[in-house]
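Structure first, commentary second.
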Amino acid sequence: MQMQDAIALITGGASGLGAGTAARFIEQGARVVILDRDEDKGASLAEDLGDCARFVRADVSSEADVQAALKLTQAEFGGLNVLVNCAGIGLARRTISSRGPHPLDHFETVIRVNLIGSFNCIRLAAALMAGTAPNEAGERGVIINSTSVAAFEGQIGQAAYSASKGGIVGMTLPIARDLARNGIRVCAIAPGIFDTPLLGSLPDQVRASLGAQVPFPQRLGLPAEYAQLAQQIVENPMLNGETIRLDGALRMGST
């Protein structure tokens with residue numbers, strides 16, 4: 001599938017990896033709907049990106065919100081070819097600590113946003129994609145999920161986050177097999193340590209220390225590099241059902 005004239009919905013698109021992906025897709029000739037809970041950032045980014053961008057405020061775990069975002073996508077641009085799931089939250093908490101057991105509602109919240117939210121967007125977007133005419137290669141759509149190296153090497157305090165990201169890895173292949181008959185490909189990207197707003201609040205020396213853990217290149221990953229891989233997944237028809245690590249050969253320790 002070519003980026004030129006593609007129509008993409010990017011969740012968590014107001015900042016970080018999602019914003020970088022939105023900018024690159026539009027540079028390559030796509031039209032983009034940015035879905036995010038942050039109305040100020042999302043609307044501002046869509047305005048900066050120009051006529052090929054729209055913003056919709058939505059919670060990825062809400063069926064009604066995502067359906068409304070898809071209706072806007074269809075009304076504004078005429079359909080949907082690409083879904084990039086970048087929305088997610090993190091929460092660090094030990095299983096037991098001096099404060100007691102890990103709060104169950106915190107665990108449930110992370111699972112609901114990261115894992116259930118991703119599947120909610122997948123199922124609804126796939127239904128819209130399946131109703132479109134295929135291109136000459138038989139493709140109707142591409143879905144890209146965002147997981148994390150924490151799915152494989154979760155650190156202390158990452159039980160909820162790692163479980164949510166591991167679930168995304170686990171469902172990517174079966175969903176790709178399921179949607180193959182509809183001409184829809186599904187892949188996942190597992191970033192390592194990236195320069196996103198979550199790390200932006202850390203002191204420079206801490207950020208430098210994190211970057212130095214990466215074998216090569218010894219720095220934080222950039223949203224533009226995530227976006228580059230997302231574009232390559234869209235454009236390469238043999239990429240399907242795979243989770244691709246994007247981490248500079250990083251393997252996380254326990255802490």
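The values are calculated or read from the model by the stated rules, or taken from the named source; none is laboratory data. Here the structure is a predicted model, which means the values were calculated and not measured. Methodologically, a virtual Cβ is constructed for each residue, glycine included, from the backbone with ideal geometry; neighbour enumeration extends over all protein chains shown.
Observations
- In the stretch 68-126, residue farthest from Tyr161 (Cα to Cα) [restricted to those that are touching a Ser or Thr at 6+ places or on another chain (Cβ under 8 Å) and free of Cβ contacts under 8 Å to residues at least 40 places away in the same chain]: Pro101
- When Ala43, Ala69, Ala22, Ala6 are checked against the criterion of being hydrophobic (A, V, I, L, M, F, W, C) and surrounded by fewer than 20 Cβ atoms within 10 Å (Cβ to Cβ), Ala43 stands alone in meeting it.
- Residue check for Gly13: of a type in the set (Gly, Ala, Ser), at positive phi and part of a loop (DSSP other than H, G, I, E, B): no
- Flag if Ile244 is in contact (Cβ under 8 Å) with a residue 12 or more places away in the chain, within 20 Å of the chain's Cα centre (by Cα) and assigned to a strand (DSSP E or B): yes
- Selection from the stretch 199-249 of residues that are surrounded by 11 or more Cβ atoms within 10 Å (Cβ to Cβ), at pLDDT below 95 and either of a type in the set (Asp, Glu) or touching a Cys at 6+ places or on another chain (Cβ under 8 Å) (or both): Asp247
- Residue within the stretch 82-99 that is at pLDDT 95 or above, farther than 30 Å from Glu139 by Cβ and surrounded by 13 or more Cβ atoms within 10 Å (Cβ to Cβ) present: no
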